[in-house]
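Read-outs throughout are calculated quantities, based only on the coordinates presented, and are distinct from any laboratory measurement. Predicted, not measured: the structure shown is a model, and the values here were computed from it. Because the Cβ atoms are built from the backbone with ideal geometry, glycine has one as well, and the counts that use them run over all protein chains shown.
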Amino acid sequence: MSTMNISLPENMKRFVDDQVSERGYSTSSEYVRELIRKDQDRQQLRGLLLEGATSAPTVPADADYFESLRERVRKARG
């Protein structure tokens with residue numbers, strides 16, 4: 001694992017320290033890693049949403065569509 005040192009204003013350091021103690025993180029590094037993972041997930045989701053928004057329309061997601069999905073699941077369990 002690599003090491004990265006960061007500088008924070010005192011109020012941000014206090015905030016991180018509070019989060020570590022209040023939310024059960026072992027270290028400030030663990031808290032920061034969790035923030036980075038969440039940001040990565042958010043960016044991936046945003047990319048998928050944008051991809052979906054710019055894609056061609058497909059079958060409407062109506063009651064018939066969901067019933068066909070249920071039927072596929074029932075057949076797969078089968």
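Worth a mention:
- Of the helices (runs of 4 or more DSSP H) lying entirely inside the chain, the ones with 2 or more residues being among the small types (Gly, Ala, Ser) and surrounded by 10 or more Cβ atoms within 10 Å (Cβ to Cβ) are found at 28-54.
- The range 21-64: number of residues that are out of contact with any Phe, Trp or Tyr (no Cβ under 8 Å at 6 or more places or on another chain) and either of a type in the set (Lys, Arg) or under 30 Å from residue 3 (Cα atoms) (or both): 23
- Pairing residues of the range 52-78 that are among the hydroxyl-bearing types (Ser, Thr, Tyr) with residues that are not in a helix (DSSP H, G or I), at Cβ distances under 7 Å and at least 6 apart in sequence or on separate chains, gives 65/59.
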